[in-house]
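Student: First, the structure itself, so that you have it in front of you.
What follows draws every value from the coordinates through simple rules; no lab data is involved. This structure is a prediction, so every number in the text was calculated from the model and none was measured. When we count neighbours, we look across all protein chains shown, and the Cβ atoms used for this are built from the backbone with ideal geometry, even at glycine.
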2 protein chains.
Amino acid sequence: MSKERPTIADVASRAGVSKGAVSFALNGRPGLASATVDKILAAADELGWRPSNRARSLSVSKAFALGLVITRDPAVLSSDPFFPAFIAGVESVLSARGQALVLQVVTAGEEEEAGYRRLAQDARVDGVFLSDLRHDDPRIDLLVELGLPAVTLNRPDGTSPFPAVILDDRPGTIAVVEHLLSLGHRRIAHVAGPPAFVHATARSTAFVSTLAAAGIEPVAIETSDFTAAGGIDATRRLLELPEPPTAIVYANDRMAIAGLGAAQAAGLTVPDDLSIAGFDDSELAEYVHPGLTTVRADPFRFGEAAAQTLNQVVDGESDVPDVELPPAQLVVRRSTAAPPA
Amino acid sequence: MSKERPTIADVASRAGVSKGAVSFALNGRPGLASATVDKILAAADELGWRPSNRARSLSVSKAFALGLVITRDPAVLSSDPFFPAFIAGVESVLSARGQALVLQVVTAGEEEEAGYRRLAQDARVDGVFLSDLRHDDPRIDLLVELGLPAVTLNRPDGTSPFPAVILDDRPGTIAVVEHLLSLGHRRIAHVAGPPAFVHATARSTAFVSTLAAAGIEPVAIETSDFTAAGGIDATRRLLELPEPPTAIVYANDRMAIAGLGAAQAAGLTVPDDLSIAGFDDSELAEYVHPGLTTVRADPFRFGEAAAQTLNQVVDGESDVPDVELPPAQLVVRRSTAAPPA
DNA sequence: CGCGATGTTTTAACCGGTTTAGTGGCTGTC
DNA sequence: GACAGCCACTAAACCGGTTAAAACATCGCG
């Protein structure tokens, strides 16, 4: 038995038809007698023929792959709970369609733009996911210029020609703040992510406005960077205030868990002296001591929805609608309690 | 100006030569006058021509991409500190060579094999990284059968036709145990990973033999699964022993941090009542309270080395040697101290 | 001057699909 | 019985590169 994989010509000769007919049969084109189609498919089946991606790619000018550019510092990326689950969700859609996921990790800045350009110039992918959206994100214009289809993860603030897959950060943040308010907290602080990111400001403005609706001013808003180290620093600054907060809401779990450690290192007991809440419900959130009150989203479904939507764009459907996912849910654990008397 | 990207024919006509000549010039083949080469490269440059990956792929039967199949439960994968940094290291090599990284996330079992088969049948990649090596790993035979080149991350126990990139887990484990011994601990337990994994047993046997060398029996070895939930359970079991350990060595940070939480929840003070050590030096290890004594490897360099080695295999070099990376280093933090009197 | 050797460049086939134009057979109609 | 019209299918060009073989100069040498 030959080790070479069969080509369309092998199938054609075995079925006694032309290459073109095989192609028609495979792609379900009309204009072939159904008996012929059966004969061709049977021959293909017997030979175990699968059309070559490479040849198809060349003739139809498609890559049959989608791209994800992750613009993060490796160290930061290292413990991000979002991407792995998101990617798994994307994969669940792609593998069913015989597509592949091409990953590109770039460090921010110069290289970021280069990453997209490379993906476009090499024609490695048919479309990309735009994650970690920033305000007036320059990548949107870049992708338009490159002619690369995309979906944005969450809604950009400028106009965007791309559909958005949205997981609203606000309801989760609002739920956390209201939870703390109902416990009796009045001195609440926030550790935010970098304001350049849309999801960071979405969380911090939701924080402020929820407090405002209750007639309360935030104790402080510390801008940080989503890293554990940043969480520590921000927490220390908050605890050194003349009148420190009785509760801190962090923009992600990583900063929250680090903040928890900082509070404990400073001799505080959580939640008796200080309540702490995170955002993401990462795996460790449940298992640190005390368990972290946080907000749970579903990055797997996010990935699924994003892949489906991007495929619609890539397939040329016009006016692909935005997709709104169910917002993140509050998960109450032991790290939040009534403020000290 | 035309929006279409130039083809090799455009370059050829602009330089006044044939397609073949352009191809020769591009690939640095001998047999062209250097003046001609210059002329061709100049023309290519003016047109901004970059050869089409798709066409090249078809004619030379290469994908110009490498594959990584991650066989993990998304939930487990979520907070693994290894892969993101590893991937970043891989990328740093691939992007310089114009290659892409194709990611495939599969759930273990049936689907795992299917994942590799798909990658091979679709000819999406020229080679793959074999991670999370298991004892008598069936994937090695599978890859041989599929004719897909590979490198293994760490050394398999059977014979393997593939080069291995090795980061020896033992020195780090030995260092942790010796550190605990030198602090005066004599009742030390281990929380191991699933014994099917090569790196899990490497760590546990290093643990046992280091203790044995000091003439000490381990208090217990709890087999767990590298997850935080598993770390909690194993820790509880250890703490319920009639004579509980004064120190626990975990096979990874995730279980260790969860174990830290479990110990604190049980009313113990770390490190006064119990010393705890992890493995990986994940980002949070430094920032939990108390900071986690652990072992630091360099997954970024691991990725670099693996990509370089796999490329040698893919390029057809014979007898590609194994690569041995510097072993992980002990990082002493506050979670380990002398045992209680 | 004719010949082979050497160096340079072109020609054309090939990779494995898709797609357009075209061909041959059959039916229906006047 | 000739012709239009339709159906089912084939032939061949095409996607954009690579590459083996052929062609063409140029040169050295007997």
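Student: Please build a GNM for chain A, connecting alpha carbons under 10 Å apart, and tell me which residue among A:PRO161, A:PRO299, A:PRO242 fluctuates the most.
Tutor: Greatest mean-square fluctuation among the candidates belongs to A:PRO242.
Student: Convex hull volume of the Cα atoms in segment A:213-254, per residue, in Å³?
Tutor: It comes to 81 Å³ per residue, whole-number rounded.
Student: What does the charge add up to near A:PRO149, with Lys and Arg as +1, Asp and Glu as -1, over the other residues with Cβ less than 10 Å from its Cβ?
Tutor: -2
Student: Please give me the summed charge of the neighbours of A:ARG97: other residues whose Cβ is under 15 Å from its Cβ, Lys and Arg +1, Asp and Glu -1.
Tutor: Value of the local net charge: -1.
Student: Nearest 5 percent is fine: what portion of the DSSP beta bridges confined to chain A is antiparallel?
Tutor: Rounded to the nearest five, the antiparallel share is 10 percent.
Student: If you add up the charges near B:ALA43, with Lys and Arg at +1 and Asp and Glu at -1, over every other residue whose beta carbon is less than 10 angstrom from its beta carbon, what do you get?
Tutor: Its environment carries a net charge of -2.
Student: Next question. If each label sits 7 angstrom from Cα along the C-beta direction, how far apart, in nm, is A:LYS19 from its counterparts in the other copies?
Tutor: Ordered by increasing distance: 1.4 nm.
Student: In addition: B:ALA266 label points, 7 Å along Cα→Cβ, one per copy: pairwise distances from this copy to the rest in nm, shortest first?
Tutor: Going from nearest to farthest copy, the values are 3.0 nm.
Student: Further, regarding this structure: Across the residues of B:92-102, average count of Cβ atoms on other protein chains within 10 Å?
Tutor: Taking all residues of B:92-102 together, the mean is 4.
Student: Next question, about the same structure. Nearest-5 percent of antiparallel DSSP beta bridges in segment A:191-341?
Tutor: 25
Student: I'd like the FRET efficiency for B:VAL144 and A:ALA338, computed as 1/(1 + (r/R0)^6) with the beta carbon distance as r and R0 of 56 Å, rounded to 0.05.
Tutor: 0.35
Student: Hey, another quick one. Hey, what's the per residue convex hull volume over the C-alpha atoms of the protein assembly as shown, in cubic angstrom?
Tutor: Looking at the protein assembly as shown, the number lands at 192 Å³ per residue.
Student: Got the A:PRO6 label distances to the other copies yet, label 7 Å along Cα→Cβ, in nm, shortest first?
Tutor: For A:PRO6, the other copies' label points sit at 4.3 nm, shortest first.
Student: Let me ask something else about it. Can you tell me the mean projection area, over all orientations, of the convex hull of chain B's alpha carbons? Units nm², please.
Tutor: 21.6
Student: Moving on. With a 10 Å cut-off between alpha carbons and a GNM built on chain A, which of A:LEU211, A:LEU167, A:LEU58 moves the most?
Tutor: A:LEU58
Student: What is the log10 of I(q)/I(0) for segment B:71-211, computed with the Debye formula using one identical point scatterer on each Cα and no solvent, at q = 0.09, 0.21, 0.22 Å⁻¹?
Tutor: Each listed q maps to, in turn, -0.35, -1.43, -1.51.
Student: Taking beta carbons within 10 Å but only from partner chains, what does the mean come to for residues B:55-64?
Tutor: Whole-number average of other-chain Cβ neighbours for B:55-64 is 3.
Student: To the nearest whole number, what is the average tally of beta carbon atoms from other chains within 10 Å of the beta carbons of peptide A:283-294?
Tutor: 6
Student: Put one equal scatterer on each alpha carbon of segment A:196-341, apply the Debye formula with no solvent term, and list log10 I(q)/I(0) at q = 0.08, 0.17, 0.20 1/Å to two decimals.
Tutor: Here log10 of I(q) over I(0) equals -0.27, -0.96, -1.25.
Student: Which of A:HIS190, B:GLY278, B:SER13 sits farthest toward the positive end of the charge dipole of the protein assembly as shown, with +1 on the Cβ of Lys and Arg and -1 on the Cβ of Asp and Glu?
Tutor: B:SER13
Student: A follow-up question, please. If the reach is capped at under 17 angstrom between alpha carbons, list the aspartates and glutamates near A:LYS62, excluding any in the same chain fewer than eight residues apart.
Tutor: A:ASP122, A:ASP126, A:ASP315, A:GLU317, B:GLU4, B:ASP122
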